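What follows is a short report on a single structure.
The values are calculated or read from the model by the stated rules, or taken from the named source; none is laboratory data. All figures in this text were calculated on a predicted structure; none of them were measured in a lab. Cβ: placed from backbone, ideal geometry, glycine included. Neighbour counts: every protein chain shown. Just the protein is used for accessible areas: all its heavy atoms, side chains included, with ligands, DNA and RNA removed. Shrake-Rupley method; radii C 1.70, N 1.55, O 1.52, S 1.80 Å.
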Amino acid sequence: MVDSTRETDVVVIGGGPAGLAAATAAANEGADVLLVDRNVQLGGILNQCIHDGFGLHAFGKILTGPEFADRYVREALEAGVTACTDTLVSNLSRNREIICTTSGKRSRIRAKSIVLAMGCRERTRGMIQIPGTRPAGVYTAGMAQWLTNMANIRIGQRVVILGSGDIGLIMARRLTWEGAEVSAVIEKLPYPSGLARNITQCLEDYDIPLYLSHSVSYIHGRDRVEAVTVAKVDEVGEFIRRSEFRIPCDTLLLSVGLIPENELSRQAGIQIDPATSGASVDERYMTNVEGIFSCGNVLHIHDLADWAAEEGDRAGRSAAAFALGGYRSSNAAARVPISAGDGVRYVVPQSADRSTQELLLSFRVTAPRDEATICVNAGDSSLATKKLRRAHPASMVQMSVATDHPFDESGLEVRST
Amino acid sequence: MTTRIVTCILCPNGCELEVGYQGEPSEETLHVDGNRCPKGKHYALDELLDPKRTLTTSVLVLGGEQPLISVKTATPISRALVSKARSEIQGAVARAPVAIGDVILANVAGTGVDVVVTRGTHLRHEHGK
Ligand SMILES: Cc1cc2nc3c(=O)[nH]c(=O)nc-3n(C[C@H](O)[C@H](O)[C@H](O)COP(=O)(O)OP(=O)(O)OC[C@H]3O[C@@H](n4cnc5c(N)ncnc54)[C@H](O)[C@@H]3O)c2cc1C
Ligand code: SF4
C-alpha cells in the first residue's frame, strides 16, 4: 500500500505564505520540519500574483507576489526546513499521520504535530447558479490569472467580470494591459468587495465601469460565450424586472469568493466553523484534534498574504512546542468560547484558555460603515476597544487583547457598533 | 480653492484623501486631509501633477522550465507612459536562466527606469535531475 514510512517532528501541509512561515518558525524553534506541497514550486498562490502590493506589513517594502514568496522560501530553507514539492497529501488522520504521493510513490509520514496550510479554492459558477448555456469562455478569476501569468494562454478579447473581489479587479487591469477590452465589472452588493486602492488603480485608471447592485442573469452563446445579460438586483438580491441589458463578450470571469480547502481536515474529524468554513481553533491555532494546527486561508480567508504569513508564524511556533514537549495542554474546563456579537461575522480563534494573557483576534464586520467602534467584552467588563475609520466586510480586522486576569467563564464577545 | 478626492494606493489602507489647493498644486499650496500617514500627502501631489504607477507584467522566456517570467518597473513610472512601456516590454524575449532582480530592459519608454525580473526560471534541463 505505501512504499515507505518516515517520522518527523512537524509536518506542514501547503507551501504558500502561511505554510512557509509556519515551517520556518517551527524549524527556528528547533523542530525537524517537513513542508509538503503538491506544486513543483513553493510559494502557493503568490507565484501567479505578479502585481505588487505585498510585503509592506511583513517587510516594510512593496513587493510583487513572487518576490514576497521568494523571501519566505529562502527563510524556510535557511532555517533548515525540508521541502517536498510535487507531493500531494491525500490522507490525514487524527493520530497525525499523512499519506502522500510523489511521482506515483505513496509514503506515510508520522508527525508529532501537523500544521494545515492548504489555502483556499475559488467559488465557481455551479455554486452561484447562473442560468444559460454552458459555453467555453467562463473562468474563475484565479484560473484566468494562472493561465495569463503562468501558462501564457490568452483567455479572450472582450471580457466581463462578475464580482468585485480583489482578484477580479487585478485581472481587469492585467487583461487590459494584455490588450483585451474589459467591458464591465458587475457587483451584486451595493458596495465593492475589493480594496479601495484596487478600484482606483485597476478600474478608474482604465475607465472600466463598475455596476454595483447588478448581477449576471443569463449567459448567452453555444460553443463560446457571446454575451451576458446583466440586470439590477434589489436589497435581497432578486433581479429587478425590465432592468436587463446585454453586454457582448467572449469571456466571463467569476470573482465571487474563496472557500477554505478543508477536505483533509474533515477526514481527520476536525471541527469546521460554519462562519469561516475553516477549522475552529484555540488561541494557539490548535484545532479540536490534539496536535493538529491550522493557519492561513485554510483557516479563514485573508485579504493580505502578510497576515496569512503572520498567522503561520504563530501556528508554527505552537506546533514546534507541541512536538518538542514544551506545550501545556489546556483542559476543556479551562477553555472559553470567543463569539461574534452584533455587527461581526466571525472571530478567529473561536476559543481560548482562560489564563491567556495575550490574544490576537482576527475578524470581519458584517456591513460597511464609515466609522465603527469595536469592543471586546468578557462578561460585563470590556477588555479592549478600538475605533475604526471605515469598517468593511472585505477588510479583515485584527486586534490584540492583553490582560492579567483570567477571562470570565462566559467567554469573550467581539462586537461592532 | 480647488478640491478633489484621491484614493491613496500606496498601502492596503487605501485612505480617501480630501485634497485642496489654491492656484497651482504644489508642496506649499496643497492641503491634504484623511491621510493616515505622511506618505499620503506626497502621493496626492504626484496624483495631481503626474500620477505614477508600477507596471507588472510577464515576458516570454526561451529554454526555461516555465514559458513566462514575471517583471516589474523597478520604481513607479509616469502613468502616461505605462502604455508605451507595456508595448516595449511585450517585444522583449528573455533567455533562461533568469533570476530575480535581473534587468530585462533598461530605461523603459525613456523613463530612466529599468524593468527587473520578479520571478525567474532555471534552464529546462536542470529539472528532474
Ligand atoms: C487567485 C488568488 C489571488 C490572490 N491575490 C492576492 C493578492 O493579490 N494579494 C494578497 O495579499 N492576497 C491575495 N490572495 C489572498 C491569498 O490567498 C493570501 O494572501 C495568501 O496567499 C494565503 O496563503 P496560504 O499560505 O494560506 O495559501 P496558498 O498561497 O493558497 O497556499 C496553499 C498551498 O497549499 C498547497 N496544497 C493544498 N492542498 C494540498 C494537498 N492536499 N497536498 C499538498 N499541498 C497542498 C497548494 O498547492 C498551495 O501551494 C489571493 C488569493 C487567490 C486564491
Ligand atoms: S496615506 Fe499612508 S496609510 Fe493611507 S493609504 Fe496612503 S500610504 Fe497607506
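Accessible area per residue (1.4 Å probe, heavy atoms of protein chains only) ranks A:M143, A:M150 as A:M143, A:M150, with the largest value leading. On full extension, the segment bounded by A:D234 and A:D86 gains 48.6 nm, given 0.36 nm per residue less the C-alpha separation.
When B:E24, B:E65, A:E204 are compared by accessible surface with a 1.4 Å probe, the order from highest to lowest is B:E24, A:E204, B:E65. Computed with the Debye formula from one identical point scatterer per Cα of the protein assembly as shown, without solvent, the log10 of I(q)/I(0) at q = 0.09, 0.10 Å⁻¹ comes to -0.73, -0.91.
Taking all protein chains as they are arranged and a probe of 1.4 Å, the heavy atoms of A:F239 leave approximately 90 Å² accessible to solvent.
To make sure I understand the rule: partners must be lysines, Cα under 20 Å from the Cα of A:K188, and not fewer than 8 residues away in the same chain. Which ones qualify? Straight-line reach from A:K188, under 20 Å: A:K232. Seen from A:D3, the other residues with C-beta closer than 12 Å to its C-beta sum to a net charge of +4, counting Lys and Arg as +1 and Asp and Glu as -1.
Note: the stretch B:1-113, Cα convex hull, 118 Å³ per residue. Largest accessible area first, the residues A:W307, A:W177 order themselves as A:W307, A:W177 under a 1.4 Å probe with ligands, DNA and RNA left out. Taking amide H as placed 1.01 Å from N in the peptide plane, the amide H of A:S90 sits under 5 Å from that of A:I99, A:C100, A:T101, each at least 5 places away or on another chain. Taking the C-alpha atoms only, the angle from helix A:305-324 to the longest principal axis of chain A is near 20 degrees. Straightening the chain between A:E78 and A:T403 buys 113.4 nm, computed as 0.36 nm per residue apart minus the Cα-Cα spacing.
With angles folded into 0 to 90 degrees, how steeply does helix A:17-28 sit against the dominant principal axis of chain A? Use alpha carbons for both and round to 10. Between the helix axis and the principal axis of chain A, the angle is about 20 degrees. For the stretch A:76-160, taking the reciprocal of the average inverse distance between every pair of different Cα atoms yields a Kirkwood hydrodynamic radius of 17.0 Å. Could you tell me the distance between the Cα centroids of the stretch A:97-170 and the stretch A:256-314, to the nearest Å? For the stretch A:97-170 versus the stretch A:256-314, the Cα centre distance is 18 Å.
Amide H to amide H distances under 5 Å link A:V347 with A:A340, where only residues 5 or more positions off or on other chains count and H is placed in the peptide plane.
Packing here is the average count of other Cβ atoms within 10 Å per residue, and on that basis the peptides A:333-340, A:168-175, highest first, run A:168-175, A:333-340.
Between B:S78 and B:L49, full extension at 0.36 nm per residue minus the direct alpha carbon distance yields a gain of 9.4 nm.
Per-residue 3J(HN,Hα) values for the stretch B:114-125, derived from phi via the Karplus relation 6.51 cos²θ - 1.76 cosθ + 1.60 with θ = phi - 60°, read 8, 9, 10, 7, 10, 9, x, 8, 7, 5, 4, 5 Hz in sequence order (x marks Gly and Pro). Averaged per residue, chain A has 42 square angstrom of accessible surface, using a 1.4 angstrom probe with ligands and nucleic acids left out.
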